[in-house]
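Report on one structure; see the data block that follows.
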Amino acid sequence: MSAQTDPAAAETNESNCWCCGRLTAEEALVRLGNHPEVGVCTSCVRFLGRRARDYQASVARKQLRGTAESIRREVMSRGWHERPVIGPVLLWINRHVPW
């Protein structure tokens, strides 16, 4: 797909959004730094930003879950959950952690 597929768009200083294909004024397009031929309209910029944040959040949750599981494994292997003072606290944490 090219940035300007419509010949009339070249005369009116408009380009198509590379995400949704909508004809948009050149000033309203966000250009990518390493790929200036790619223009994205502001609606799609918001959408893509939301998608990126969702992806980053899911990666962070996965890393956090992995860290929590490794900590839990260490606590169990050392028997800390059976100790009189810290044991009940660790068991409470294990019951209430969402993962």
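The values are calculated or read from the model by the stated rules, or taken from the named source; none is laboratory data. All figures in this text were calculated on a predicted structure; none of them were measured in a lab. Calculation scope for accessible area: heavy atoms of the full protein, side chains included, ligands and nucleic acids excluded. Shrake-Rupley method; radii C 1.70, N 1.55, O 1.52, S 1.80 Å.
Computing the accessible area with a 1.4 Å probe over protein heavy atoms, can you report the carbon and sulfur percentage for region 18-99?
59
Using only Cα atoms, find the angle between the long axis of helix 42-78 and the longest principal axis of the chain, and express it within 0 to 90 degrees, rounded to the nearest 10. Helix 42-78 sits at roughly 20 degrees to that axis. Using all pairs of distinct alpha-carbon atoms, the Kirkwood hydrodynamic radius of the chain works out to 17.6 angstrom. Angle of helix 86-96 to the longest C-alpha principal axis of the chain, folded into 0 to 90 degrees and rounded to 10: 40°.
The residues of the chain expose, per residue, 77 Å² of accessible area to a 1.4 Å probe.
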